Amino acid sequence: MVSGDCTSFGGAITPIRLTLTHSRSYIEQLKHHLPVFSEISSSSEQIAGSEDLLTEILLRLPPKSLLRFQCVSKHWLSLISNTHFRRLHTRRNATSSASTVGVFLCRHPNYDYLALNEERISEMGRIYDRLSDSRGSKVVCNINSCNGLLCVGLKSDDAKTDFYIYNLTTGHHRFIPVPETMIVKSMNLAFDPNISEDYYVVCVWFSISENRLCFSVYSSGSGIWRHSNEHCNKVGLCSYGGVFWKGAVHWFSQTSPFLCLQVDTCVFKSMPSTDIPEGQWYRNIEYFGESGGHLHLIEIHKPQDIEFDVLELKSDYSCWFVKYRVNLEFLTNLYPMMVNQEVYPPEDYNFPYAFSTLCFLRDEENRGRVLISLPGKIVVFDIHNGMVKELADIQPDSFRNFIGGARYDCFDAYKHVETLAFV
């Protein structure tokens, strides 16, 4: 660079113009500003010499940066890897899905990770690296995520499934023992760093002797299962993973009333359901999850619709209300492949448009975005400004062609946030 401006970290100063042909002038100007650079150097030494000040600064950095900074020195490695520091960082930076940095897209045999902040379109990379140690030849199943932790079931050839809790930011994992009497239907994570450093696993399991669903809660702190007295006779109710919000795990149903279990007391809590559309025997819920401290669901009223509602549950559990109404008809001009071209679709398939709403994202500024899977593409749609951004290309291997090409379904996506939480 032949010329340029430089500004001190300590505040605005007279700009320094660097001119290669006038070295004497440059040296005189540099001498004039030496006190400023000396102050910067002095401040850096003060920070390095004060562990309390250094700790306070490091506590404000994101987990991924801290893991890299462990390589700076033995002192930094000791400080950042310290148990007290990690617990304090997790509590101070209590995450929610408003700080989602990526989404895991899981459909056997494909297990992909999609970063939401990528500035360029790229093919999605595999996430075998973080799961390979425990996975081996086992099949990944029964996935659930909550505030940076991931619950994964690994099924072996003998049909036995082992369950693990992963922190894919740190690479650590923990085995969760499940009593043989519990035939697991779903495992659901409950983790709130604002409340406790412990997490809980809510297991929905089938009792053969009673022919009904039962509920048990595992604590990472005690390592003990608590069995609830609650039960459910609707065996098909909890087919989908539950969502943790406000101290409880919530389940929706396409045909039955919704269900809510308070984690600390192991008792059911009253929760409103959405109405089943007139003339139908089922709901068509495309998404159910927490974002920005609120519980949302996306519902498409008719299979032929290309518009949908984003509903939000009031914090007092009184009712669901329409937060956003989204119409994606304009996308068909940008992506003609989302118009179903199947000449002879299956009899039970009557969807003229091939798209799936993978997840809803709401940030701290109350702006909403929808992650959408199209044939061969994943895009994010900003509800507030109407902008569409392409995030990834999808290869057609192992996807059903009759749904309009390679795309993920609505319950293949699991949000990921960074955390230093222990497992």
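The values are calculated or read from the model by the stated rules, or taken from the named source; none is laboratory data. Owing to the predicted nature of the structure, the values given are computational and were not obtained by experimental measurement. Neighbour counts are summed over all protein chains in view; Cβ atoms, including those assigned to glycine, are modelled from backbone coordinates with ideal geometry. All accessible areas refer to the heavy atoms of the entire protein, side chains included, with ligands and DNA or RNA removed. Shrake-Rupley method; radii C 1.70, N 1.55, O 1.52, S 1.80 Å.
Summary of values
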{"quantity": "Where VAL201 falls short, out of the listed (1) touching an Asp or Glu at 6+ places or on another chain (Cβ under 7 Å); (2) at negative phi", "calculated": "(1)"}
{"quantity": "Where VAL202 falls short, out of the listed (1) within 18 Å of PHE252 (Cα to Cα); (2) aliphatic (A, V, I, L, M); (3) in contact with a His (Cβ under 7 Å, 6 or more places away or on another chain)", "calculated": "(3)"}
{"quantity": "Spans of strands (runs of 3 or more DSSP E) in the range 161-224 with at least 2 residues open to solvent by less than 60 Å² (accessible area, probe 1.4 Å)", "calculated": "161-167, 183-191, 199-207, 212-219"}
{"quantity": "Qualifying residue in the range 80-91 (condition: in a loop (DSSP other than H, G, I, E, B), closer than 26 Å to LEU189 by Cα and in contact with a Pro (Cβ under 8 Å, 6 or more places away or on another chain))", "calculated": "no"}
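Rundown of residues vs (1) open to solvent by 20 Å² or more (accessible area, probe 1.4 Å); (2) closer than 27 Å to ALA94 by Cα; (3) among the β-branched types (Val, Ile, Thr); (4) modelled with pLDDT under 90, yes/no style:
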| site | (1), (2), (3), (4) |
| --- | --- |
| THR274 | no, no, yes, no |
| GLY292 | yes, yes, no, yes |
| HIS296 | no, yes, no, no |
| PHE330 | yes, no, no, no |
| ARG362 | yes, yes, no, yes |
| GLU365 | yes, yes, no, yes |
| LEU371 | no, yes, no, no |
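Yes or no, residue by residue, for (1) within 22 Å of ARG362 (Cβ to Cβ); (2) assigned to a strand (DSSP E or B); (3) at pLDDT 80 or above:
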position	(1), (2), (3)
LEU53	no, no, yes
LYS64	no, no, yes
SER78	no, no, yes
CYS106	no, yes, no
TYR113	yes, yes, no
ASP133	no, no, no
